[in-house]
Amino acid sequence: MRNIGLTLAYDGTNFCGWQVQSNGPSIQAEVERAVEKLTGTHSGVLSAGRTDSGVHALGQVANFHTESRIPADKFRPALQTFLPHDIVVLDSFEVPLGFHATFSAKRKRYRYVIYNSRISLPFLRHYVYLLSAELDMEVMQAAAQALVGTHDFRSFETDWPNKPTSVRTVSKIEFRRLSQWEVWSSTPPLSPFGGEGPGVRGENIGAGNFIVMEIVADGFLYNMVRTIVGTLINVGRHTWSVADVQRILHAQSRSTAGATAPACGLYLVDVDYGDAMRRDTATSAAESEVPAS
């Protein structure tokens, strides 16, 4: 038995989310169908995050177990032939048998993109939140820092409880207002899980119509990122204050927080697994000799 890891990018517009559901097509169903067509055997495909309907991914991580002897790197082009155009396999690789795309994750990074202008651009409507109300990004950034750290985030969780605990650790929330930027690049205006990094395209950082929030945490609750965005938008419109965000966090009630921001502006960017994907040298050497089927 082998365990194959995948890195996926997808446009979530036409899907009901990652997880297989009865009410429409899902990313998971499409990937599982492609794996079965390629290997001749059905395999359940696990993911780092069960993105919701309309949510996109730049670096979703998935894995599945298989008896196939196809070399790990050949799964990428082979699977792509069976997938629709809005799901792309970026990479395929061997991982330890115990690796689990969901439970092995240490941290995840999501991005939310707002196009803040009185004039909407029609070709952006499926990929950003088009918002005409003027936003004060600096006060949004200040208010967001109240959410950094280990807290019970049930005020930002839809249909609580969905998990055994609503406690999560948010290690970073950063905003940038940009005039030009490759929104769909996995290279962020911040480095993946740390300080400043490459990724900005064009000048005038701090100016422009794109407001981009990057958030890193050890895990996320149902609609947590979108509710945080909806809450901070109220701060950016000067309807609420920094103190209100602190009050909402401690209220432990979803009714106190802002509206859930639209799914179209949300992206799963990348996932940090630490050493969970690492294989020993002997195993790697043996796997490199697996012939193609």
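Quick note: the coordinates plus some simple rules give every number you see, no bench work behind them. None of these values were measured; they are calculated from a predicted model. Cβ placement follows ideal geometry from the backbone for every residue including glycine, while neighbour counts extend to all protein chains displayed.
Nearest 500 deg cm²/dmol is fine: what mean residue ellipticity at 222 nm does the chain get from its DSSP H runs of n ≥ 4 alone, each adding -39,500 (n - 2.57), divided by its residue count?
Dividing the helical sum by the residues of the chain leaves -5500 deg cm²/dmol.
Could you please report the charge total around Ser26, scoring K, R as +1 and D, E as -1 over all other residues with beta-carbon less than 14 angstrom from its beta-carbon?
Residues near Ser26 contribute -3 overall.
What does the extension gain come out to for Gln145 and His42, with contour length at 0.36 nm per residue minus their alpha carbon separation?
32.6 nm
Pull up the cross-link candidates among the lysines for Lys108, meaning alpha carbon to alpha carbon under 29 Å and not fewer than 8 places away within one chain.
Lys74, Lys163, Lys172
Given +1 on the Cβ of Lys and Arg, -1 on the Cβ of Asp and Glu, and no further charges, what dipole in debye does the chain carry about its Cα centre, rounded to the nearest 20?
420
If one computes the Cα centroid of the stretch 228-261 and of the stretch 90-124, what distance in Å separates the two points?
Each part reduced to its Cα centre gives a spacing of 24 Å.
Loop by DSSP (not H, G, I, E, B), at most 15 other beta-carbon atoms within 10 Å: where is the longest site-free stretch of the chain for GluC sites (Glu not before Pro)?
Excluding the exposed sites themselves, the longest stretch runs over 204-288.
For the chain, calculate the relative contact order in percent as a whole number, restricting contacts to Cα pairs under 8 Å that are 6 or more residues apart.
It rounds to 24 percent for the chain.
If only Cα atoms are counted, what is the Rg of the chain, and what is its Dmax, in Å?
19.9, 63
Can you pull out the trypsin sites (Lys or Arg not before Pro) in the stretch 56-150 whose DSSP state is coil and whose Cβ has at most 16 other Cβ atoms within 10 Å?
Arg69, Lys106, Arg118, Arg125
Provide Phe210, Phe175 in ascending order of the number of other Cβ atoms located within 10 Å of each residue's Cβ, fewest first.
Phe210, Phe175
Go through the stretch 131-147 residue by residue and turn each phi into a ³J(HN,Hα) via Karplus (6.51, -1.76, 1.60, θ = phi - 60°); whole Hz please, and just put x for glycine and proline.
Each residue of the stretch 131-147 in turn: 10, 8, 4, 5, 10, 8, 5, 5, 6, 4, 4, 5, 5, 4, 5, 5, 9 Hz.
Going through the stretch 41-140, which chymotrypsin sites (Phe, Trp or Tyr not before Pro) have at most 11 other Cβ atoms within 10 Å and a DSSP loop state?
Answer by residue number: Phe103.
Mind listing the long-range amide H neighbours of Gln252? Cut-off is under 5 Å, sequence gap 5 or more, other chains count too, H placed in the peptide plane at 1.01 Å from N.
Answer set, sorted by chain and number: Ser155.
Among Leu130, Leu147, which comes first, second and so on when ranked by fewest other beta-carbon atoms within 10 Å?
Result, fewest neighbours first: Leu130, Leu147.
Just grab the label-to-label distance for Ser253 and Arg118, each label 7 Å out from Cα along the Cβ direction, in nm (one decimal).
Computed distance between label sites Ser253 and Arg118 equals 3.8 nm.
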